[in-house]
1. Apply the a/c threshold of 1.5 to the C-alpha gyration tensor of the stretch 86-131 and tell me whether it is rounded, prolate or oblate.
2. Over the Cα atoms, compute the radius of gyration (one decimal) and Dmax (the largest Cα-Cα distance, rounded to a whole number) for the chain, in Å.
3. Which shape class applies to the stretch 10-109: rounded if a/c is under 1.5, otherwise prolate when a/b exceeds b/c and oblate if not, where a ≥ b ≥ c are the square roots of the Cα gyration tensor eigenvalues?
4. Mind running the shape call on the stretch 46-88? Use the C-alpha gyration tensor, a ≥ b ≥ c as the square roots of the eigenvalues: rounded below 1.5 for a/c, prolate if a/b tops b/c, oblate otherwise.
5. Which translational diffusion coefficient, to the nearest whole µm²/s, is obtained for the stretch 81-197 from the Stokes-Einstein equation, given a Kirkwood hydrodynamic radius over C-alpha pairs, 25 °C and 0.890 mPa s?
6. How big is the dipole moment of the chain about its Cα centre under a simple scheme where the beta carbon of each Lys and Arg is +1, that of each Asp and Glu is -1, and everything else is neutral? Debye, nearest 20, please.
7. By how many degrees, 0 to 90 and rounded to 10, does the Cα axis of helix 133-147 deviate from the longest principal axis of the chain?
8. Of the GluC sites (Glu not before Pro) in the stretch 114-201, which ones lie in a loop per DSSP and count no more than 13 other C-beta atoms within 10 Å?
Amino acid sequence: MPQTAQERRDRQKAEQRAALVAAAHDLVQEEGYEGLTIRRLAKRVGYAPMSVYSYFADKQDILLALAEDAFATLARRIEAQPSDDPLEALRVVMTEYAAFGLGNPNEYRTVFMTEKTRPPAGKTFAEMEADNPAMKVLVSRVEACIAAGELRGDAHAIANMLWATGHGTISLLITFPFHPFGDPQAFVKRMCDFALAGLSTQAVAPLAGGPTACRADPTR
């Protein structure tokens with residue numbers, strides 16, 4: 001069936017937005033946060049600066065789009081490494097997240113270490129999290145660990161605590177490269193094991209105000 005004029009316009013707009021997001025990734029990988037400006041982004045793709053504003057209201061909107069795209073890429077990397085061992089499958093989430101961050105330090109700083117003061121237009125932060133494919137993979141693998149009896153408690157809370165551990169570890173490795181942490185990937189694995197060992201000793205309560213729909217501990 002041939003596309004309608006509206007469908008062609010929507011496809012063209014989606015392709016142009018994707019081109020802008022790809023160019024923004026390149027800019028932050030090359031030049032970091034300071035290199036990402038509306039003017040430089042427009043120049044990179046050959047658009048007029050004002051045309052970029054039809055896709056992104058400001059720099060923070062671009063950062064949020066980069067975060068969404070980075071999480072989608074991360075989810076694909078994680079899903080490419082399934083495991084029958086639920087704990088090992090969960091470790092893959094942590095190690096792939098670390099590999100992404102350590103392999104792209106400028107982008108990690110820009111996307112994940114820059115304060116987000118408001119959600120993207122038309123979304124709440126809660127909706128952003130609910131649509132986050134990497135978080136969905138993380139929560140599902142936590143739930144598998146709970147079902148196997150390896151962890152207990154609220155899957156959403158456990159997932160966020162593991163994310164906080166991973167983010168803190170990667171942030172330190174990036175911002176203090178001179179500190180004697182040893183091999184970065186080995187240190188990430190040690191921190192992952194440390195976090196999982198601590199979480200396995202207790203039933204983890206839900207986060208205050210957080211969703212509880214993903215609680216998967218039959219003993220609670």
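Taken together, the values in this text are just the output of simple stated rules run on the coordinates, not laboratory data. None of these values were measured; they are calculated from a predicted model. Reconstructed Cβ throughout: ideal geometry from the backbone, glycine too, with neighbour counts over all protein chains shown.
1. Details: a/c = 3.90, a/b = 1.40, b/c = 2.78.
Oblate, because a/c is 1.5 or more while a/b does not exceed b/c.
2. Answer for the chain, Rg first and Dmax second: 19.4, 61 Å.
3. Details: a/c = 3.33, a/b = 2.02, b/c = 1.65.
Verdict is prolate for the stretch 10-109.
4. On the way: a/c = 6.98, a/b = 3.64, b/c = 1.92.
It is prolate, given that a/c is not under 1.5 and a/b is the larger ratio.
5. Details: Rh = 15.2 Å.
Approximately 161 µm²/s, per Stokes-Einstein.
6. The dipole magnitude comes to about 560 debye.
7. The answer is roughly 10 degrees.
8. Values: sites: E115, E127, E129, E143, E150; in loops: E115, E150.
Those satisfying the criteria are E115.
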